[in-house]
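Below is one structure, written out as structure tokens; comments come after it.
The values are calculated or read from the model by the stated rules, or taken from the named source; none is laboratory data. These numbers were taken from a predicted model, which means no experiment stands behind them. Cβ coordinates were reconstructed from backbone atoms using ideal geometry, including for glycine residues, and neighbour counts include every protein chain displayed.
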Amino acid sequence: MDYTDRRLTQTAEQYAADDLETMREAKRYAQHLFEFFRPHVGTRVLEVGCGIGTMSRRLAEVADVVVGIEPNAYCAGLVSDEMRGEPKFSLRTCHLEECDPAELKALAFDTVFCINVLEHIEDDRAALRTFHDALVPGGRVLVWVPAVQAAYGPLDAELGHHRRYSKASLGAAFTAAGLDLLTLR
């Protein structure tokens with residue numbers, strides 16, 4: 001099977017939206033994943049890599065404010081449609097690195113929610129530092145990433161993944177970003 005390495009082009013291609021639309025049909029998976037994080041979600045949420053809104057809708061049901069960041073224009077169009085009319089949700093169509101750190105800090109987030117996204121960001125430690133800096137004291141960073149570094153292969157690159165994680169590598173990234181690790185599974 002031939003694979004296309006999309007690690008550096010993923011935010012410009014429609015395949016990401018197509019893949020997320022396929023995954024949207026896994027409703028029990030998405031609900032299970034959200035319920036895993038639900039007890040830790042605060043009232044002011046920065047959702048990094050909101051995709052097509054699969055988690056955005058759930059976040060808006062429990063939070064007062066949800067700001068989504070989505071760099072892929074195809075996904076951003078779909079999440080805009082999904083969240084149309086939801087006053088708690090706003091969208092930034094850009095890469096995390098393009099956001100104004102002072103603006104993020106001023107929005108006083110108590111939660112950064114990042115599900116199946118950190119592996120897509122080339123400099124994951126810089127992203128985690130941005131998460132840290134955007135949070136109010138006592139805020140939480142909630143992250144879900146693919147595991148088993150040894151399983152990284154051509155399909156990961158096709159999906160735009162720069163890496164997979166072990167507990168040690170994710171823990172080290174959190175520590176390097178100045179984040180205290182409370183739970184790691």
Q) Which of the residues that make up region 98-116 are at pLDDT 95 or above and either among the hydroxyl-bearing types (S, T, Y) or part of a loop (DSSP other than H, G, I, E, B) (or both)? A) C99, D100, L107, A108, T111
Q: Select from region 82-97 the residues that are among the charged types (D, E, K, R) and modelled with pLDDT of 95 or more and write down the one among them that is nearest to E119 (Cα to Cα).
A: R92
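Among the residues that make up region 169-185, is at least one of them in contact with an Asp or Glu (Cβ under 6 Å, 6 or more places away or on another chain), without any contact (Cβ under 8 Å) to a residue 40 or more places away in the chain, under 18 Å from L33 (Cβ atoms) and not basic (K, R)?
The answer is no, given that none of the residues of region 169-185 is in contact with an Asp or Glu (Cβ under 6 Å, 6 or more places away or on another chain), without any contact (Cβ under 8 Å) to a residue 40 or more places away in the chain, under 18 Å from L33 (Cβ atoms) and not basic (K, R).
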Q: For region 1-60, name all the residues that are among the aliphatic types (A, V, I, L, M), surrounded by 16 or more Cβ atoms within 10 Å (Cβ to Cβ) and modelled with pLDDT under 90.
A: A16, A17, L20, A30
Q: Quickly run through region 91-117 and pick out the residues that are free of Cβ contacts under 8 Å to residues at least 40 places away in the same chain and within 14 Å of the chain's Cα centre (by Cα).
A: R92, T93, C94, E97
Q: Return only the number of the condition from (1) within 14 Å of the chain's Cα centre (by Cα); (2) crowded, with 17+ Cβ neighbours inside 10 Å that E122 does not satisfy.
A: (2)
Q: Would you be able to tell me the number of residues in region 152-185 that are buried (at least 18 other Cβ atoms within 10 Å of the Cβ) and in contact with a His (Cβ under 6 Å, 6 or more places away or on another chain)?
A: 3
**Q.** Tally of residues being touching a Phe, Trp or Tyr at 6+ places or on another chain (Cβ under 6 Å), buried (at least 20 other Cβ atoms within 10 Å of the Cβ) and either of a type in the set (F, W, Y) or not in a strand (DSSP E or B) (or both) across region 129-151
**A.** 1
**Q.** Residue in region 152-185 that is modelled with the lowest pLDDT, counting only those that are of a type in the set (D, E, K, R) and part of a helix (DSSP H, G or I)
**A.** D156
